[in-house]
């Protein structure tokens, strides 16, 4: 597609339930990032994918959070046993490759519209 | 680790006023610096960037200059419009193995007619 898309746009769930958030990056972008934006806070980095592997998972807040990416394209962020503090907007971004530097991603990230998660 | 500090908002200005949003950073090496903007109800989008010292990024009348000596990347616009009302995020991308981006907390700008 023309840009990064995310689904659902809004998700309301009950505490303790599992949720899956989806990200479709820009076609051909090898790097994919997940962030969390809580009310009144900045963007919190969660995880970075290069292709299907995740060399940096350092931002995942707990083992209830996991993410995968298949086919070097779509990514799913899963939150198990959701808690109220998980309520936030979850943003996905992708970036392409710097042709001069081989597979290193370029530093400009393109963001999706986000998924607003509300845990009751 | 890397960090970005930007002025807290909200910032309220009258139309045609001069805008400055301060941003300072801490990073090793030579990061790239960015301003992203988030308009109401929309996703983040890149506003401008600078990749080396003394570079000036510019777009839509906004400017920011990469000042390594003061580790700053302040955003300026000479005459703001109501349509500039948004949240502005300063960010940096480290020069390590991949361009992990560290964001500031955002500054909300409201421009009133």
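Before moving on, here are some points about what is shown:
- Computed E for residue A:66/residue B:30 - FRET, C-beta separation, R0 35 angstrom, nearest 0.05: 0.55
- Chain A: relative contact order as a whole-number percent, Cα under 8 Å and 6+ apart: 36
- Only Cα pairs under 8 Å and 6+ residues apart enter the sum, and on that basis the relative contact order of chain B stands at 37 percent.
- Residues of region B:62-84 with amide N under 18 Å of a point placed 7 Å along Cα→Cβ from residue B:22: B:64-77
- The protein assembly as shown shape via C-alpha gyration tensor axes, a/c threshold 1.5: oblate
- Separation of alpha-carbon centers, region A:1-43 and region B:9-86, rounded to whole Å: 25
- Added length on full extension, which subtracts the Cα-Cα distance from 0.36 nm per residue, residue B:14 to residue B:54: 11.4 nm
- Projected-area average for region A:1-51 over all orientations - Cα convex hull basis, square nanometres: 4.7
- Working note: Debye formula, equal point scatterers on the alpha-carbon atoms of region B:2-113, no solvent; log10 I(q)/I(0) at q = 0.21 Å⁻¹ is -1.10.
- Each of A:49, B:62 was scored by other Cβ atoms within 10 Å of its Cβ. Listed from fewest to most, they are B:62, A:49.
Each value in this text was obtained by applying a stated rule to the coordinates, not by laboratory testing. On a predicted model such as this, the values are computed, not experimentally measured, just so you know. Here the Cβ is made from the backbone with ideal geometry for all residues, glycine too, and neighbour counts use every protein chain on show.
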